[in-house]
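Visitor: Next up is a structure, given as structure tokens.
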Amino acid sequence: MAEERNSIVLQKLTGRFGSDVVATHSDFGDDTALVRRERIVEICTFLRDDPDLRFDFAMDLTGVDYLGEEPRFEVVYHLYSLEKKHRVRVKARVPEEDPVIDSVIPVWVGMDWFEREAYDMYGILFRGHPNLKRILLYEQFEGYPLRKDYPKARRQPTVGPQE
Amino acid sequence: MAEIEAYRREAGKLDMQAEPMILNIGPSHPATHATLRLIAELDGETILKLTPEFGYLHRGFEKESENATWTKVIPYTDRLNYVSSLMNNVGYVMAVEKLCGIEVTERCRYIRVLICELSRIIDHMVCIGTNMVDIGALTNFWYFWKPREEVYMHLIEPLTGIRLTTAYTRIGGLMWDLPDGWVEKCRDVCRNVIVPAIADVNALLTKNRIFIERTMGVGPITPKEAIARGFTGPCLRAAGVPLDLRKDEPYLVYDRFDFDVPVGEQGDTCDRYMVRMEEMRQSLRIIEQALDALPGGPVNVDDPRFILPEKADVYENIEALMNHFKHVMDGVQVPAGEVYSATEAANGELGYYIVSKGGGGPYKIKVRPPCFPLFQGMPHLCEGGMIADLIAVLGSVNIIAGELDR
């Protein structure tokens, strides 16, 4: 029963957006859709507002660095529906030379800090974000530590409070 | 600075007929209970703008995890929410087990429920106790600190050997079984220590007019706003949304227990207190039922791919010795794939997003800490309120810097 309903999420998504949904799978029971980054806001709005889907919670947003693959980065959204009690994972690939994706703050206001963290850790830029700056690290920090080519042991000077 | 200029231009609208004062709270302040920083712009005592800042406790959990084996990540998870570290252990191994397709034994599931609910109780006790200290009710702090210590002393320490950094769970099971007499001691602590402590604090606070006037209507949030901001756990339920993953996506054996999910109405500090108090009582109900139904049998799955061999075998048997060596040096071998696994931690949804490329260690681990969206919602809860209420609200949303900063 649950599986049947879950696949409806992916069916509706592919039915509505066609070739903009690049790939889907339900491995390990998690429904996953890889979509084109250009339409991410549209897709998220659809997932939130469609009466059969109703993904009103955006639980998590993160980046993943697939160094050596092209496009290099992936932005991963985890959504949850309070009404339907189902989940979906939406992913979009962004290339290294142009790591930009539209911000989903207009859809879920709570994604603000999650996008800042993805920027802080991976250098992914969220177009339209009102305050895209570092969140866990400090402004003077150089580089993006969760990128796979950032050495784990690299140390950077600790800076004191700024006047 | 531009904002201050704007205020200065509009100074006529301000109560004090002056520019706003900027008050810095933290990062080391007794009422933040962690290394957090809040920058408040004040007009008199009213908060015009609140800017939370954090990251002081960032220790690179995710980067460290990417360079460790699957089992070595378990001690790192202790340091996320250090007030209820057992829950983080359980949440993490459940995510890895989902990836491996491991079905843990019945006894293991019951023990995991027991340690989760005990952790939930002590987490709520710390939250309520410290929140009450901050607003001037010191007695409740002592009333809740004592049972918390008894839980550590009589239950968690004998079980794990340590108080806070427990690292008790293992992929496919637990570090070891319950020690002798633990079940009786657990019943004893629940009935003779926790229940009276909840009754004491309940008698002192729940109908106390000073407490109610101090907390009711302080830092409220509507259900719609709470959902949009990603609130989970007691803070969401206080706003009237009955989302509890133990009911909505039952994991372990939560579907076998009879318990209720309390909800509030206003989403204010008073409701958050009420919800936490009731959740402690419901956790006690779950513990009693789990102790009654606790099955026998092994706590670890019978699978040498995931579980270390018996120590006696390691000393006498070359296969076991090699297996042990491979486990420790190369780590448990986990298939490639990605999973998101969420559990209901004391503060809300604790999610682990894990990417594996196969092999002995994770490719990526992302923790979804429940505190992160809660702290993000602080300006929404506090702006327009009084500066003294900021402390009451901060205590009641229960920010734990360990999981906030990772």
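Visitor: Do the conditions hold for B:Ile354, that is, is it touching a Leu at 6+ places or on another chain (Cβ under 7 Å) and among the aliphatic types (A, V, I, L, M)?
Guide: Yes: the conditions hold for B:Ile354.
Visitor: Take the residues of the range B:360-405 that are basic (Lys, Arg) and over 13 Å from the mean Cα position of the chain (by Cα): which is surrounded by the most Cβ atoms within 10 Å (Cβ to Cβ)?
Guide: Checked the range B:360-405; the qualifying residue surrounded by the most Cβ atoms within 10 Å (Cβ to Cβ) is B:Lys366.
Visitor: When you scan the range B:261-283, how many residues do you find that are under 20 Å from B:Ala197 (Cβ atoms) and open to solvent by 20 Å² or more (accessible area, probe 1.4 Å)?
Guide: 4
Visitor: Go through the range A:97-126 and report how many residues are facing chain B (nearest Cβ under 10 Å), of a type outside the set (Asp, Glu) and in contact (Cβ under 8 Å) with a residue 40 or more places away in the chain.
Guide: 7
Visitor: I'd like to check something: does the range B:334-344 contain any residue that is surrounded by 24 or more Cβ atoms within 10 Å (Cβ to Cβ), among the acidic types (Asp, Glu), in contact (Cβ under 8 Å) with a residue 24 or more places away in the chain and within 9 Å of chain A (Cβ to nearest Cβ)?
Guide: no
Visitor: Examine the range A:87-100 for a residue that is in contact with a strand residue (DSSP E or B) (Cβ under 9 Å, 6 or more places away or on another chain), of a type in the set (Val, Ile, Thr), at pLDDT 90 or above and buried (at least 24 other Cβ atoms within 10 Å of the Cβ), and state whether such a residue exists.
Guide: Checked the range A:87-100: at least one residue is in contact with a strand residue (DSSP E or B) (Cβ under 9 Å, 6 or more places away or on another chain), of a type in the set (Val, Ile, Thr), at pLDDT 90 or above and buried (at least 24 other Cβ atoms within 10 Å of the Cβ).
Visitor: Which of the residues spanning the range A:48-73 are away from chain B (no Cβ under 14 Å) and either without any contact (Cβ under 8 Å) to a residue 40 or more places away in the chain or part of a strand (DSSP E or B) (or both)?
Guide: Once the filter is applied, which keeps residues that are away from chain B (no Cβ under 14 Å) and either without any contact (Cβ under 8 Å) to a residue 40 or more places away in the chain or part of a strand (DSSP E or B) (or both), the range A:48-73 yields A:Asp50, A:Pro51, A:Glu70, A:Pro71.
Visitor: In the range B:286-386, which helices (runs of 4 or more DSSP H) lie fully inside it and hold 3 or more residues that are closer than 30 Å to B:His124 by Cα?
Guide: B:371-376, B:378-382
Visitor: Let me ask something additional. Open to solvent by 10 Å² or more (accessible area, probe 1.4 Å), more than 14 Å from every other protein chain (Cβ to nearest Cβ) and either touching a residue at least 60 places away in the same chain (Cβ under 8 Å) or more than 17 Å from B:Glu117 (Cβ to Cβ) (or both): is that true of B:Asp303 in this structure?
Guide: Yes, satisfied.
Visitor: Shifting gears a bit: Is it the case, given these coordinates, that B:Met386 is among the aliphatic types (A, V, I, L, M) and touching a residue at least 24 places away in the same chain (Cβ under 8 Å)?
Guide: yes
Visitor: Which pairs have Cβ atoms under 9 Å, sit 6 or more apart or on different chains, and link a residue in the range B:25-38 that is in contact (Cβ under 8 Å) with a residue 40 or more places away in the chain and assigned to a loop (DSSP other than H, G, I, E, B) to one that is open to solvent by less than 10 Å² (accessible area, probe 1.4 Å) and aromatic (Phe, Trp, Tyr)?
Guide: These pairs meet every condition: B:Leu36/B:Phe375.
The rows are residues; the columns are (1) charged (D, E, K, R); (2) under 29 Å from B:Tyr76 (Cα atoms); (3) out of contact with any helix residue (DSSP H, G or I) (no Cβ under 6 Å at 6 or more places or on another chain); (4) assigned to a helix (DSSP H, G or I).
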residue: B:Pro158; (1), (2), (3), (4): no, yes, yes, yes
residue: B:Pro179; (1), (2), (3), (4): no, yes, no, no
residue: B:Glu184; (1), (2), (3), (4): yes, no, yes, yes
residue: B:Arg191; (1), (2), (3), (4): yes, no, yes, yes
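Visitor: Look through the range A:86-96, keep the residues that are more than 24 Å from B:Lys224 (Cα to Cα) and among the charged types (D, E, K, R), and return whichever of them is farthest from the other protein chains (Cβ to nearest Cβ).
Guide: Of everything passing the filter in the range A:86-96, A:Glu96 is farthest from the other protein chains (Cβ to nearest Cβ).
Visitor: Going by the conditions given, is B:Lys357 within 28 Å of B:Leu36 (Cβ to Cβ), facing chain A (nearest Cβ under 10 Å) and of a type outside the set (Val, Ile, Thr)?
Guide: When the stated conditions are applied, B:Lys357 does not pass them.
Visitor: On the basis of being outside any strand (DSSP E or B), farther than 16 Å from B:Lys366 by Cβ, more than 14 Å from chain B (Cβ to nearest Cβ) and polar (S, T, N, Q), does A:Thr45 make the cut?
Guide: In short, no.
This table checks each residue for (1) without any contact (Cβ under 8 Å) to a residue 40 or more places away in the chain; (2) under 19 Å from A:Phe114 (Cα atoms); (3) aromatic (Phe, Trp, Tyr).
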| position | (1), (2), (3) |
| --- | --- |
| A:Ile8 | no, no, no |
| A:Gln11 | yes, no, no |
| A:His25 | yes, no, no |
| A:Asp30 | no, no, no |
| A:Ile40 | no, yes, no |
| A:Lys91 | no, yes, no |
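Visitor: Within the bounds of the range B:181-196, is there any residue that is within 14 Å of chain A (Cβ to nearest Cβ) and either in contact (Cβ under 8 Å) with a residue 40 or more places away in the chain or crowded, with 18+ Cβ neighbours inside 10 Å (or both)?
Guide: Checked against the condition, which is being within 14 Å of chain A (Cβ to nearest Cβ) and either in contact (Cβ under 8 Å) with a residue 40 or more places away in the chain or crowded, with 18+ Cβ neighbours inside 10 Å (or both), the range B:181-196 yields no hits at all.
Visitor: Taking the range B:219-240, which residues are open to solvent by less than 10 Å² (accessible area, probe 1.4 Å), more than 23 Å from B:Met386 (Cα to Cα) and either aromatic (Phe, Trp, Tyr) or facing chain A (nearest Cβ under 10 Å) (or both)?
Guide: B:Gly230, B:Thr232 - these are the residues of the range B:219-240 that are open to solvent by less than 10 Å² (accessible area, probe 1.4 Å), more than 23 Å from B:Met386 (Cα to Cα) and either aromatic (Phe, Trp, Tyr) or facing chain A (nearest Cβ under 10 Å) (or both).
The values are calculated or read from the model by the stated rules, or taken from the named source; none is laboratory data. Quick caveat, the model's predicted, so the values are computed rather than measured. Please note: Cβ atoms are built from the backbone with ideal geometry, for glycine as well, and neighbour counts cover all protein chains shown. Ligands, DNA and RNA are stripped out before the accessible areas are found, and what is left, the full protein with its side chains, is counted by its heavy atoms. Shrake-Rupley method; radii C 1.70, N 1.55, O 1.52, S 1.80 Å.
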